[in-house]
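Student: Before I ask anything, let me first share the structure, which is written out below as structure tokens.
The values are calculated or read from the model by the stated rules, or taken from the named source; none is laboratory data. Since the model is a prediction, treat every value here as computed from it, not as a measurement. We place every Cβ from the backbone using ideal geometry, glycine too, and count neighbours over all the protein chains shown. Each accessible area value is taken on the protein alone, full model and side chains, heavy atoms only, with ligands, DNA and RNA left out. Shrake-Rupley method; radii C 1.70, N 1.55, O 1.52, S 1.80 Å.
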Amino acid sequence: MHKLSLLLILLLAACDNPGAAGSDAGPGTPHDGSWADASTGPSADASVGDGSVADAAIAPVGDASLPDAAICSLESDDALCARLHLPCGTNPVTDACGNTRDVLCGCPDRAECRTGTCVCSAGYTGDPSTGCNDVDECPTNNGGCDPLTTCTNTVGSRTCGACPAGYTGTGALGCTDIDECLVDNGGCDPRSTCTNTPGSRTCGPCPKGYTELAGAGCVDVDECQDAHGGCDPLSTCTNTPGSHYCGPCPLGYKGSGATGCKDIDECVAGNGGCDPLSTCTNLPGSYSCGACPAGFSGTGETGCLCTVGLSCSADGSSVLNCQRGSDGKLGLTTTPCPDGCESGECVDREWTRWPLGSEDRPASQFIVNTDTVVDTLTGLEWQKAFVQNKNWWDARLYCSQLNVGAETGWRLPTRIELLSLVDDDTFASPAVNPAVLATGGSIWTSTISVGARVGVKPTAWVMSDAPGSTGIVLMTDEANVRCVR
């Protein structure tokens, strides 16, 4: 009878409160009107001896008999969690039938269970009992994204944008600068310097000798097109990659094409290679040799030559004496001939009218001055004194430089001129009037011996005023000198 009564009570309670008997009510649904609330037994939160929560309201007080197992399992986990205010997580519960089972209690949306307590999930904030709200992570430290990327808030989280150009990595893990210069010089011309910069790179200027051309990089500059590359106009300019070089100065110039070419005066050294008897004339980068003097053949370039011996100048006004000196070089002396030159000798056309001996010689023939004596018959003026010991060449030089009686134009006398002083009819030895002219042995004449034309050693005529005779001696010998004009 008691079992039947209890079964009827349970069925009636299930009909009045469906949620308490396995309905779909959520964890927060109250169990108003359930059998537990109508019981007179222990409270709903009473603990069983094993620590589990016992549903005392199911079993009548003092009644040890239990309901059917199907009746005890009608209440869901959510209903039990809400009715018994169980903590989140897994809770062992013993029902009125004496069965123990694990009841899993959850948390509201956007919350999660941590050590038996519901807290808002990551990315949310607030109280789970009243509701969790989304957190905008981006305002704080860019949401943990790399500062170079964009942080975008999402519900409960955020996303990091991609790293900008010139960087590698991710916005979430970090962006690292790419050194573009490590590959292909960063795309810069190989002749310029690549410098890495944050997220990019810069290309240095083109080196000297190159210019930057859009799309082509560093292009060589042809310096020779501008002012001949700075080279001297007389030299060449050759362009090279990034530079140029100047050629040498041409022949006849000194210096360099880079520093400048200056004309060399070839005539300064060795008469420019011209024969010493010719004139060297400097020209830009060269020189020219003048003609050989009269009496010489050849050219200034090839050398001036003369025929050894005596000859007359082309105009017949002087005697040319070509001799080879001790140094082996040819030398030419010139003796003027007032009456002309024939066969290598001066012609004296007046001597045929001169008196010889005492013939027609007046007593007043000579006019004696302090330093000179004038012969009124020949018209010659003689040096009164004489100079000793000179060779033929020095004797000629001496006379050409003489200045006696404030007069110049002195020279060596010819042989016939010197013989005109001889008066052997009146004077025996010396044959020259000693009262008029001082005497002194052999005296040079300007007349060169004909034999000197073919002889190895040149000779000239001298006159001995003691006997009044003439003879020839070597020009290198020494004799006395009496000049005339």
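Student: Given the criteria of a type outside the set (F, W, Y) and at pLDDT below 75, does G441 qualify?
Tutor: no
Student: Please work out which one of (1) buried (at least 20 other Cβ atoms within 10 Å of the Cβ); (2) at pLDDT below 55 is the condition E75 fails and give its number.
Tutor: (2)
Student: Okay, next question. Pull up segment 450-471, narrow it to residues that are closer than 22 Å to L320 by Cα and surrounded by fewer than 17 Cβ atoms within 10 Å (Cβ to Cβ), then point me to the one that is modelled with the highest pLDDT.
Tutor: Among those residues, the one meeting the criterion is G471.
Student: I would also like to ask the following. Condition first: buried (at least 19 other Cβ atoms within 10 Å of the Cβ) and not in a helix (DSSP H, G or I). Now tell me which residues in segment 223-241 satisfy that.
Tutor: C231, D232, L234, S235, C237, listed by residue number.
Student: Also: Out of the residues in segment 386-414 that are open to solvent by 70 Å² or more (accessible area, probe 1.4 Å) and assigned to a helix (DSSP H, G or I), which is farthest from S442 (Cα to Cα)?
Tutor: Filtering first and then ranking leaves S400.
Student: May I ask you to list the residues in segment 177-187 that are exposed (fewer than 15 other Cβ atoms within 10 Å of the Cβ) and either among the acidic types (D, E) or out of contact with any helix residue (DSSP H, G or I) (no Cβ under 9 Å at 6 or more places or on another chain) (or both)?
Tutor: D179, L182, V183, D184
Student: With respect to T159, is the statement that it is open to solvent by 60 Å² or more (accessible area, probe 1.4 Å) and among the hydroxyl-bearing types (S, T, Y) true?
Tutor: Here the answer is yes, as T159 does meet what is asked.
Student: While we're on this one: Does segment 168-176 include one or more residues that are within 30 Å of G131 (Cβ to Cβ) and surrounded by 15 or more Cβ atoms within 10 Å (Cβ to Cβ)?
Tutor: yes
Student: Same structure again: Of the conditions (1) open to solvent by less than 20 Å² (accessible area, probe 1.4 Å); (2) in contact with a Cys (Cβ under 8 Å, 6 or more places away or on another chain), L84 clears all except one; give me its number.
Tutor: The number of the failed condition is (2).
Student: Determine the pairs where a residue that is farther than 15 Å from N133 by Cβ, located within segment 103-122, has a partner that is of a type in the set (V, I, T) and open to solvent by 40 Å² or more (accessible area, probe 1.4 Å) with Cβ atoms under 6 Å apart, the partner being 6 or more residues away or on another chain.
Tutor: Pairs found: L104/T90.
Okay, residues lined up against (1) at pLDDT 95 or above; (2) within 18 Å of the chain's Cα centre (by Cα):
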residue	(1), (2)
T195	yes, no
P207	no, yes
A216	no, no
T238	yes, yes
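Student: Shifting gears a bit: Go through segment 80-99 residue by residue and tally those that are farther than 21 Å from T115 by Cβ and either of a type in the set (D, E, K, R) or modelled with pLDDT of 85 or more (or both).
Tutor: 2
Residue by residue, here is whether (1) within 30 Å of A165 (Cα to Cα); (2) aromatic (F, W, Y); (3) open to solvent by 60 Å² or more (accessible area, probe 1.4 Å) holds:
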{"position": "D189", "(1), (2), (3)": "yes, no, no"}
{"position": "T202", "(1), (2), (3)": "yes, no, yes"}
{"position": "A214", "(1), (2), (3)": "yes, no, yes"}
{"position": "D220", "(1), (2), (3)": "no, no, no"}
{"position": "S243", "(1), (2), (3)": "no, no, no"}
{"position": "L251", "(1), (2), (3)": "no, no, yes"}
{"position": "C280", "(1), (2), (3)": "no, no, no"}
{"position": "Y287", "(1), (2), (3)": "no, yes, yes"}
{"position": "C292", "(1), (2), (3)": "no, no, no"}
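Student: Still on this structure: Give me the pairs, please: first residue somewhere in segment 123-135 and free of Cβ contacts under 8 Å to residues at least 60 places away in the same chain, second residue anywhere and among the hydrophobic types (A, V, I, L, M, F, W, C) and surrounded by fewer than 16 Cβ atoms within 10 Å (Cβ to Cβ), beta-carbon distance under 6 Å, and either six or more positions apart or on two chains.
Tutor: Pairs found: D134/V155.
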